[in-house]
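The values are calculated or read from the model by the stated rules, or taken from the named source; none is laboratory data. Here the structure is a predicted model, which is why all the values come from computation and not from measurement. A quick note on method: Cβ atoms are made from the backbone with ideal geometry, for glycine too, and the neighbour counts reach across all protein chains shown. Heavy atoms of the whole protein, side chains included, go into the accessibility calculation; ligands, DNA and RNA do not. Shrake-Rupley method; radii C 1.70, N 1.55, O 1.52, S 1.80 Å.
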Amino acid sequence: MTSFRIDKPSGVDFEKPVNFTFDGRTYRGFAGDTVASALLANGVHLFGRSFKYHQPRGVMGAHVEEANALITIGRGAHAEPNLQATTIPVTEGMEVYSQNRWPSLKLDLLSINQLAAPLLSAGFYYKTFMGPTKRSWMLYEPFIRRAAGLGAVSTSPDDQAYEKDHRFCDVLIIGGGVTGIAAGLAAARSGLRVILVDDRNVWGGQMAGVDDDLSGQPLDQWISHSIRELRELGAELLSRTTAFGVYDGHVHGAVQRLADVSSHDGVRRPLQRFLKIVAKHSILATGAFENPMLFRNNSLPGVMLADTARHFMDRFSVACGKQIVIYTNNDSAYGAARRLAEAGLNVAALIDTRPSVSAACQSLATHIGASHLVGWQVEKAHGRHRVKAVSVCKIDDQRQKQRISSDCLAMSGGWNPVVHLASHMGMAPVYSEPMGAFIVDPDNLPSHCHVAGPVAGTLDLPSCVNGGFAAGMEVARQLGSTPPDPIEATAMHGFIGDWPMKADVETLSEKAMLDFQNDVTLGDIKLAVVEGYSATEHLKRYTTLGMGTDQGRTSNINAISLLTQLTGQQIENIRPTRFRPPFTPITLGALVGHHVGDHAQPTRLTPMHDWHAAQGAMMVPVGLWWRPRAYLKPGETLREAYIREAGNVRENVGICDVSTLGKIAVQGPDAGVFLDRVYTNNFATLPVGKARYGLMLRDDGMVLDDGTSWRLGENDYLMTTTTGGAGAVMQHLERLHNLYWPDLRVSFVSVTGQWAGMSVAGPKSRQVLGKAFSGTDFSDAALPIMGVMSIKTASGTILVARLSFSGELAYEVFCPACMGTEIWCDLLSHGADFGIQPYGTEALGALRIEKGHVAGGELDGRVSPYNLRLDGMLSKKKWFFGKPLLERDGLYDDDQYRLVGLISEDRQPLQAGAHVVFGDKASPGPSQGWVSSVTYSPSLDEEIGLALVKKRALEKDTGMYAANPVAGIHRKVRIVSHHFLDPEGHRMRL
Amino acid sequence: MIIDCPCCGRRPVSEFSYIGDAEAAKPDMHAPAAEWVKAVYTRTNPRGMHLEHWQHLHGCRQFLKIQRDTLTHEIFSVELVGVYASGEGE
Ligand SMILES: [Zn+2]
């Protein structure tokens, strides 16, 4: 294996070898290497296949601008796809895989797409799959999905650790290059709380390792000394941290990569940390990316950005080629050429598209001994998996040609400032003529946001350092701190000057690649313009230019420059496409953090939870609550258990934990008036010691919730709500009070957690209570239906209300939460002689469906009281909230739904969510309604359900079906009254 | 977004709940249905300055009238409304 390392110190530690695999083959890198540098050092230039045409691709960029070398790290559930090989440090045992190749990287059968290139041109998807040929999408989709794509996401759950955190600071500096470091120094020296973030694992950005002097001090030394000073001044320095988005209220989203693969020592450490950083001020020192040059085969492995070739040599001692050709339209590449030549690499030629260059450039070319072709351009790169030679020609006389052997073509089309984060804030970048790129106009930014370095339009080293320092001083001034004295840095080499020359679109190959990640060529741009998609946002959507994970970092400027030539527009008048967060792809794992599985949301447990758990109850989540679903006896199925539990309520007595019901204390002199307004039925006449069932509507007349309110005293009510409706009802009451009737003297407190609640239901429930609370009279006279009594005990007051949800003689017993388990166990032990058994939500559901009581399945926010046949609850005598809009005629027409009962004709279970239809399975016809709740009814020995069916359909009921086409189930049903059992309510009047 | 609650100070938007358009008419209890239709369904939904009701749901639970630019999300004023609007309280 040939090594492409050169003998020179750099950021890699040759004492510390690191072994990793790429597509199963083992390679050796060193500590400090990235995946890209380690593979290039091993002579590997083929990293992957391109998105659309499956062309071979290698490394083109130094870091996060990389569009081609996308890799997957890890396997199975731990695989993380679409990572840039240039940003991931290699670690021992790391498994790296190439992407978008089939069956293998070298032999990619789908590269036949290259031959079909004319078919995959701009607007391909729109032309082929919209309009009359839309159906063909179905046909081609599987093939296209396989042929055009990036890395694959694992479908297995990711068990790796991630975490979230918050940070607050005076100033957040985004970018740890020389500009950001200088800004940090000024701010930290002023005593400000500074956070400096950078996505690289070294400080200094693209200038790390650059051979230059800053005010007489070696640049690398200035960087390390400054970083040490920042640490000493208490600044928080976050490397490998990408600030991916800027949001309202000075909130910044950032992800810190702590590791790329899980450790193998069994200790669970987070891989990534999602940071929400709230900063009083921010300084964007995000630097710039180099632009590629446009020519045929400019995406071939071995063709890379000029400063990238320099960077791999300076940072990693990697020679990207043995015979390098530099191709540029500006001065900056001459610095890279000088550095490469001084390191002993062979720079064979310097091709410059400009008609003439400065004397400094000429003497530099002579100094390094490169053939200097000024006014020439590259026509084509030759080679299959790696560049072997380049064809060049004179621009104004294309008959003059040369073919130059080269294994590395290093190109520079000027620099493109990273304006993404300013764009997130809604700022439109402005065109800078000297820079040939879009920059941030500080006047367009909010006052708390500042820019420095290339983003502000400066590219040379001393200007970046001085500008960064000045931005830090400005923040200090605005925050009332005393800034340090300004600095006047000077550099030895710096930047030569003279900005890029735009290429003439007429001289360029149509096959020149513009967007390396999405395979968008100059030809695609031309076609889109011809077809009328010449506005930047249209062009982007029509050609997919700039839509990859790299967001067009290296294609934007070239595309806009060509677009202006093709359309005759002035570049100043072009508005670049707006960038949106995230700047780089963010894993869902990082955003979710530790909120997964049991920790996805808070858990609420009732006071009797431990008892249920000790009984081995089958639990079920209901919103945030966990409730017993059924208490299964050994060998019992869920169905057997709930049938037994419900049957026992009808026959003897059962007890159910209803602590999850929402409970709101409504108190004050006007509490009664208030309730009379929010409930549809009359509450003004409710006496003390009585409860009433009430219905509550939203503004639009639809049902919000139902429940009972108990009048405990003259000005004291206890309102209960459904388990799921508690929060919404509380907010509804507060809103009506504050925004509609602030003059009413009433207040609300949620007391859901204060009361334990249990329902004791069944013909023998009175006997159980009588025994448990001996000395208290529970006779019909003492506690009639809807009566409420309070029992004072040494530990607290217990409320007993005679309410029935099951249709049986039943009581709701509320006690202070701390007494919950005690009272629950008391009732169970006193009820033993009467056959008491606990029952869960399944039995509760079966009992209420038999009675036709509505619950969550029916109260879905889309139903009116008329739909639920609760119009009897609407007072005709008084006004109530929601009444005006309930009077709209349309709410009563023949297309409205009405609550009905269903019985399964063939005795097979029904399914909630099924549609009610007229037709058989072969021709079901349109939906006439839906099934909202289902159960087996122990009392009827039938499979039953509640449904909402159109009034029009009910009138011509000629036999209906409950259709579930997803499960392939079609059941014949009989429509009956939703009061399946005891419609007159005799059973609860015992 | 960060909202400066008069009771609690600067808090992240995730603590608040948007209630509705504070510029929409609030009909009288006995106003005809047409007025309620206007109040419930007709929204100006402006691009720019807007008066809105918010509730500090995960905080003091008070109702706030907020003047906000819907384009930039800049907040210009926050005032307490409802029962404690006068600042007297109980
Ligand atoms: Zn508050």
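What to note about this one:
- Within region A:694-706, residues that are of a type in the set (K, R) sit with their Cβ atoms under 9 Å from residues that are part of a loop (DSSP other than H, G, I, E, B), at 6+ positions apart or across chains, in these pairs: A:R698/A:G861; A:R698/A:F881; A:R698/A:G882.
- Some residue of region A:59-80 being free of Cβ contacts under 8 Å to residues at least 24 places away in the same chain and under 14 Å from A:A152 (Cβ atoms): yes
- Number of residues in region A:955-988 that are farther than 19 Å from A:L910 by Cα and open to solvent by less than 40 Å² (accessible area, probe 1.4 Å) equals 2.
- Any hit, region A:306-328, residues being over 23 Å from A:A503 (Cα atoms), in a strand (DSSP E or B), outside the structural domain of A:D213 (by TED's automatic domain parsing) and touching a residue at least 40 places away in the same chain (Cβ under 8 Å): yes
- Considering region A:712-736, and only residues there that are within 14 Å of another protein chain (Cβ to nearest Cβ) and open to solvent by less than 10 Å² (accessible area, probe 1.4 Å), the residue that is nearest to A:V813 (Cα to Cα) turns out to be A:V729.
- Test: residue in region A:18-35 that is closer than 25 Å to A:K388 by Cα, touching a residue at least 60 places away in the same chain (Cβ under 8 Å) and out of contact with any strand residue (DSSP E or B) (no Cβ under 7 Å at 6 or more places or on another chain): no
- Residues in region A:846-890 that are of a type outside the set (A, V, I, L, M, F, W, C), within 14 Å of chain B (Cβ to nearest Cβ) and in a helix (DSSP H, G or I): A:K883, A:P884, A:D889, A:G890.
- Residues (open to solvent by less than 20 Å² (accessible area, probe 1.4 Å) and outside any loop (DSSP other than H, G, I, E, B)) located in region A:546-557: A:I557
- Test: A:T155 is surrounded by 19 or more Cβ atoms within 10 Å (Cβ to Cβ) and either touching a Pro at 6+ places or on another chain (Cβ under 8 Å) or polar (S, T, N, Q) (or both): no
- Qualifying positions in region A:424-435 - open to solvent by 20 Å² or more (accessible area, probe 1.4 Å) and over 29 Å from the mean Cα position of the chain (by Cα): A:V430, A:Y431, A:E433, A:P434
- Selection within region A:666-703 - open to solvent by 10 Å² or more (accessible area, probe 1.4 Å) and away from chain B (no Cβ under 14 Å): A:G672, A:N681, A:N682, A:A684, A:T685, A:P687, A:V688, A:G689, A:K690, A:R692, A:Y693
- B:R61 meets each of the listed conditions (1) at the interface with chain A (Cβ under 7 Å from one of its Cβ atoms); (2) more than 15 Å from the chain's Cα centre (by Cα); (3) not β-branched (V, I, T) apart from (2).
- Residue count for region A:899-930 satisfying the condition of being aromatic (F, W, Y) and within 20 Å of A:L868 (Cβ to Cβ): 1.
- Every pair of residues 6+ apart whose Cβ atoms lie under 8 Å, when the first sits in region B:1-28 and is more than 11 Å from every other protein chain (Cβ to nearest Cβ) and open to solvent by less than 70 Å² (accessible area, probe 1.4 Å) while the second is near the ligand (Cβ under 10 Å from one of its atoms) and small (G, A, S): B:C5/B:G59; B:C8/B:G59; B:E15/B:G59; B:F16/B:G59
- Selection count where residues are more than 22 Å from A:K951 (Cβ to Cβ) and modelled with pLDDT of 95 or more, scope region A:907-920: 4
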